[in-house]
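Data first, discussion second: the structure below is written as structure tokens.
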Amino acid sequence: NSAEVRFARDMRAHHEQAVDMSLRVLGRTSDAELRLFANDILLTQQNQAGQMTAWLALWERPQSGIEAPMAGMAAGMGMASATQVQRISSSSQPAKEAEILFLQLMHRHHQGGIQMAQAVLNDTPRADVVTRLAQGIISGQRVELQVIESLLRRLGGSVPPALPMMPRR
């Protein structure tokens, strides 16, 4: 029940949703800049999820815990609902609307990821790989938030409001 184990489990689930959303938008968009961005998210977060899976194995901890990932606080951590994720790849939605939806959902998703990474930095005394990955997530996703906002402006979408700070567990 350590902060590091919770982080590995929760962030892996968080990253898996970002990978799923990226795959869905790649199937819909022809926008070169958005394709490059979605591919970057897909590859980076797939790699990091693999690192967290390996940590849990190395630490001899189960890949999942008793409680659901993010302990019922998924929406507060920027997770999209299953319906929202499905809308990205829905053929009834115009491609441009799917692109904007993806970017808006990913904006909130990244805000939540930053908060999750900051939380583990606040809760762990260990200066090891977990800390380095959490710091990398924070800096990388802050830069990606700027890219998302630029893409949203270009596509005519609105930037979602900031997520409220998530409660400490």
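The values are calculated or read from the model by the stated rules, or taken from the named source; none is laboratory data. On a predicted model such as this, the values are computed, not experimentally measured, just so you know. Every residue, glycine as well, gets a Cβ built from its backbone with ideal geometry; the counts of neighbours run over all protein chains shown. Calculation scope for accessible area: heavy atoms of the full protein, side chains included, ligands and nucleic acids excluded. Shrake-Rupley method; radii C 1.70, N 1.55, O 1.52, S 1.80 Å.
Odds and ends about this structure:
- Charge dipole magnitude, Cβ of K and R +1, D and E -1 - the stretch 94-169, Cα centre, debye nearest 20: 120
- Between the Cα long axis of helix 129-155 and the first principal axis of the chain there is an angle of about 10°, rounded to the nearest 10.
- Against the main long axis of the alpha-carbon atoms of the chain, helix 32-58 sits at an angle near 20°.
- Placing unit charges on the Cβ atoms only, positive for Lys and Arg and negative for Asp and Glu, gives the chain a dipole magnitude near 180 debye about its Cα centre.
- Most positive-pole-ward Cα, 106, 82, 53, against dipole of the stretch 1-120 from beta carbon charges: 82
- Solvent-accessible area, 1.4 Å probe, carbon plus sulfur percent, for the chain: 55
- For the stretch 98-166: accessible area per residue (Å², 1.4 Å): 44
- Placing +1 on the Cβ of every Lys and Arg and -1 on the Cβ of every Asp and Glu, with nothing else charged, gives the stretch 17-104 a dipole about its Cα centre of roughly 140 debye.
- Mean projection of the Cα convex hull over all viewing directions, computed for the chain: 9.3 nm².
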